[in-house]
Amino acid sequence: MNRLSGNTKKNRIYRMTFAILFMCFLFQNCVNDHCNEPLYTPINIAFYSETDTAKQAIPIGLTFQGVGTDSIINASGQFAVNLSLDALNDECLYAVALTHAESPLELFVLNSENKLIANGKEYPVKRILNNVIYEFGDFEDQLTFVGNVDSIYVFRKPTFDTLKISYERALEFVSAECGCMNTYTIKQARFIHNKIANVMIHTQQINNQSYEKHIQLYLENY
Amino acid sequence: MRSIFSYTWRTISFLLLLGMVSTAEAKGKNEGSPEKTFYGMYVDIDILHPILHLFNSNRMGVNADIQIDLWHKLYPTILVGYDWFDASSEYSYPIPATNNQYKINGTYFKIGALYNIWKKNYEKQNSPIAYLGINYGISPGFNYTIENYPINNSYWDNGNDRSFSADGHTTAQWGEIVGGVKTPIVKNFCLGFEVMFKTLLHIKDQNSDNNIIHQSYAPGFGDKEAGKWGFRYTISYFFHL
């Protein structure tokens, strides 16, 4: 009798173990993972003074625009921007506009047709964001305007530089949860001289693990 | 969230198994000495994965193995299986994806050896066993298909994001420590369950045309990140010599 009840007890324990394990296994298959990996891989560009290379410069008015785009980035001393995915020609051209203390003050007028008039020429207003007007014309004839949307503006005319970055691009399929990520290796950085005096590649590899400065731009008289 | 639940239950499961195995070992008294070397062999079929497929249509798998009974102590094992995963719905990055697909399928093999730590009844051809062992697993040339995963280029493309697609095959290798029990139920038919602790040795990343592809799954191993523990519930037939 005792032996029988012992066997029943043992069988019950086995059955319960099977059942618990089975239920646990079913349960774990109902839960999904999430992507915890940062996939943003911008190029970080910082400005420095040419005269004091350890000193980070913060230009008064600085805007960046990828040539061929109409996206304008406002920045102070450092900014992060995407590189292009053009597989045929892996290089990016940026227009860099910045003002400084010596930039000449100019008068601009916004006429009734919302066009900016500067030096007797009219420029269509492409974008008004947060009460600030931005305008980039053709690359050969770039202008940027910054000011409140009123009739008359007085501000400093910026200088323009061009920054060209050549790179190799790799596409990484990271995981089922995260999908794809781009990584880059900077090959060359060139510039058209105006306010930029020099360019240095600080870190060549651009990936989601690196938060370092990749490019250092040295400015004259900052 | 997943890690808390999965690790809790896995720990509980493993402790239960360890408890059963140690109880078995403590009670185990061998009766006599082996009468022969080769007692027979088990043919095991996994019943868990086909049942799981009924609850989760994104994965399907079958596997079967042969275990040779030497002296009722040592069980050299060879296993063959096939797994199919559809991980398309797991994509959770904020960039929206349309009709994205990530599917993996392929055959895998395991070879290993188990040692019976339960009492050995040498007079019987087929008796309950509890075992510990190791396996080496390989999935050679399993297939993957990746379609329509978004690549963010919105700054340059004015919002027209691009997508990435690729397919091919690659190889995964892993090692396992296994523990399990198996007991006869009717004549030569047995039921068993097995716990595996798996360590991924290598999944070959595909690297071509500046595209690097990491796999999240491997047939036989499962989820690369969360697949360290595995289970099998088997129904077996013991063939006498």
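Any read-out appearing in this document is the output of simple, stated calculations on the displayed coordinates, not a laboratory observation. Quick caveat: nothing in here was measured; it's all calculated off a predicted structure. Glycine gets a Cβ as well: all are built from the backbone with ideal geometry, and neighbour counts include every protein chain shown.
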In whole angstrom, the spacing between the Cα centers of region B:47-95 and region A:173-222 equals 45 Å
Using the 10 angstrom Cβ neighbour count as an exposure proxy, how do B:HIS214, B:HIS202 rank, fewest first? B:HIS202, B:HIS214
Long-range tail of P(r) for chain B (Cα pairs > 24 Å, %): 53 percent
Measure up B:LYS73/B:LYS204; B:LYS73/B:LYS187; B:LYS73/B:LYS198; B:LYS120/B:LYS228; B:LYS124/B:LYS182; A:LYS164/A:LYS195 against 25 Å on the Cα-Cα distance and list the ones that go over. B:LYS73/B:LYS204; B:LYS120/B:LYS228
Only residues of region B:82-101 count here: report those whose backbone N is under 14 Å from the spot 7 Å along Cα→Cβ of B:HIS169, or say none. B:83
Residue by residue through region B:200-205, which ³J(HN,Hα) values in whole Hz follow from phi under the Karplus form 6.51 cos²θ - 1.76 cosθ + 1.60 (θ = phi - 60°), with glycine and proline marked x? 6, 8, 6, 10, 6, 6
Under the rule of -39500 (n - 2.57) per DSSP H run of 4 or more residues, summed and divided by the residues of chain B, what mean residue ellipticity at 222 nm is obtained, to the nearest 500 deg cm²/dmol? -5000 deg cm²/dmol
Listed residues B:GLY227, B:PRO96, B:ASN188: farthest to the positive end of the dipole of region B:2-240 (Cβ charges): B:ASN188
With R₀ set to 56 angstrom, the calculated FRET efficiency between the beta-carbons of A:ASN207 and B:ILE47, to the nearest 0.05, is 0.80
Extension gain B:THR183-B:PHE239, at 0.36 nm per residue separation less the Cα-Cα distance, in nm? 18.7 nm
Cα-based helix-to-principal-axis angle, B:2-27 vs chain B, degrees rounded to 10: 10 degrees
Name the residues whose placed amide hydrogens come within less than 5 Å of the amide hydrogen of B:HIS72, ignoring near sequence neighbours (fewer than 5 apart) on the same chain. B:TYR39
I'd like the Karplus ³J(HN,Hα) series for region B:142-149: coefficients 6.51, -1.76, 1.60, θ = phi - 60°, whole numbers in Hz, and an x wherever there's a Gly or Pro. 6, 9, 9, 9, 10, 9, 6, 8
Could you derive backbone 3J(HN,Hα) for region A:37-45 from the dihedral phi with the Karplus parameters 6.51, -1.76 and 1.60 (θ = phi - 60°), listing whole Hz in sequence and x where the residue is Gly or Pro? 9, x, 10, 7, 10, x, 8, 9, 10
Other residues with Cβ under 15 Å from the Cβ of B:LEU70 give, with Lys and Arg +1 and Asp and Glu -1, a net charge of +1
